[in-house]
Amino acid sequence: MNTLADSITLEENITETEQALRAELAACYRIFAMLGWTELIYNHITVRIPGPEKHFLINPFGLHYTEVTASNLVKIDLDGNVIGASKWKANPAGFILHAAIHSGIENAHCVMHTHTTAGCAVACSAAGLSRDNFYAAQLHNRVAYHDFEGITIHADEQPRVQRSIGNRQAVILKNHGLLSWGSTIPEAFAYLWTLQRACEIQVAGAALGPTTPIPEEIQIQSSIDALQFDPRYGAGRDVFEALRRQVDTIDTNYKN
């Protein structure tokens, strides 16, 4: 039986690289759903397809993350134009923000954005991310902030997003939510998961009063020792694949 999420027949000349990225990105959407990192049909995870065209894949606007599959992911250019056959379009608020990072940061092949409760709470806090828990300590000198300018549908914000982020891969969008980017999907996931955990602990502990500070030298060393970001140790690949196996026990139709 056809479902709402059934959409396209992929181009005959699609590369093996793109096929693999589609399957991995669709799996990532299912991982987010499994973790509860969803916002109805909103938010986005994107991955750039290697090549000179600067095309990237994004979720079909209108589908829940549990409906995203390898074949219904939408290929778009940096202006949001759909490439190839698809009955779906992209959310402008998604491609404006994500295109800014894909186009402006050389190694930003994957970009993730969430509106989790803990992430939004910290993003709305004047103090920002506290440096006094295990996960936050691993993000020393890795977190960027971008001021809230409203819903991200205006292209003139893109250069400011790029300047705000620089080379930092964990991003707090003030009054908005969390974002990460990486050279691979697992690397971006490792940054977002660590940032999300830091926010969760900060929010959970807020009612308990003052926290125990972590000296900056220990934060620095913790960031150095955080091997989940290190390509020599897989840069999050082992964690991502473990979660993908969990998704496979629930439903494998994301591969279609």
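The values are calculated or read from the model by the stated rules, or taken from the named source; none is laboratory data. Worth saying up front: this structure is predicted, and the values here are computed from it rather than measured. A quick note on method: Cβ atoms are made from the backbone with ideal geometry, for glycine too, and the neighbour counts reach across all protein chains shown. The protein model used for the area step is the full one, side chains on, heavy atoms only, and it has no ligands, DNA or RNA in it. Shrake-Rupley method; radii C 1.70, N 1.55, O 1.52, S 1.80 Å.
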**Report entry** Net length gained if the chain between Asn256 and Val239 were fully extended (0.36 nm per residue, minus Cα distance)
**Finding:** 3.8 nm
Query raised in the report: Stretched out fully, how many nm does the piece from Lys89 to Thr211 gain, at 0.36 nm a residue minus the Cα gap?
Result: 39.3 nm
Query raised in the report: Spin-label point model (7 Å from Cα, Cβ direction): what's the Ile153 to Ile218 distance in nm?
Result: 4.7
Report summary line: Per the rule of 0.36 nm per residue minus the C-alpha distance, extending Tyr145 to Asn107 adds in nm 11.8 nm
Query raised in the report: Share of antiparallel DSSP beta bridges in the chain, in percent to the nearest 5?
Result: 85
Query raised in the report: How much of the accessible area of the chain, in percent, comes from carbon and sulfur atoms when a 1.4 Å probe is used?
Result: 54
Query raised in the report: How much accessible surface area, in Å² rounded to 10, belongs to the heavy atoms of Asp147 with a 1.4 Å probe?
Result: 90
Requested in this report: Can you grab the distance from the C-alpha centre of segment 229-253 to the C-alpha centre of segment 32-53, Å, no decimals?
Outcome: 15
**Report entry** Along principal axes, Cα extents of segment 157-236, largest first, whole Å
**Finding:** 37, 35, 21
Query raised in the report: Please state the Cα pair-distance histogram of the chain with 5 angstrom bins from zero: what percent is in each bin?
Result: 1, 6, 14, 18, 20, 17, 12, 7, 3, 1, 1, 0
**Report entry** Within a Gaussian network of the chain (alpha carbon springs, distance under 10 Å), most fluctuating of Gly205, Gly236, Gly51
**Finding:** Gly51
Query - Volume in Å³ per residue [convex hull over Cα atoms, computed for segment 20-84] - result: 79
**Report entry** DSSP-assigned coil residues among chymotrypsin sites (Phe, Trp or Tyr not before Pro) in segment 78-165, each with at most 15 further Cβ atoms within 10 Å
**Finding:** Phe148
**Report entry** GluC sites (Glu not before Pro) within segment 25-112: DSSP coil, no more than 16 neighbouring Cβ in 10 Å
**Finding:** Glu53, Glu106
Query raised in the report: Kirkwood hydrodynamic radius for segment 130-174: how many Å is it when counted over pairs of different Cα atoms?
Result: 11.6
Query - Prolate/oblate/rounded call for segment 83-124, Cα gyration tensor, a/c under 1.5 rounded - result: oblate
Report task. Give, as a single signed number, the net charge of other residues whose beta carbon lies under 14 Å from the beta carbon of Asn133, with Lys and Arg counted +1 and Asp and Glu -1. Result -> 0
Report task. Starting from the Cα of Ile14, move 7 Å in the Cα-to-Cβ direction to define the label point; list residues of segment 29-51 whose amide nitrogen is under 18 Å from there. Result -> 29-30, 45-51
Query raised in the report: Just from the alpha-carbon atoms, what are the Rg and Dmax of segment 107-211 in angstroms?
Result: 13.4, 42
Requested in this report: Evaluate segment 58-100: find the radius of gyration of its Cα atoms, find its Kirkwood radius, and give the ratio Rg to Rh.
Outcome: 0.93
Query - Tail fraction, Cα-Cα pairs, segment 41-146, threshold 24 Å, whole percent - result: 34
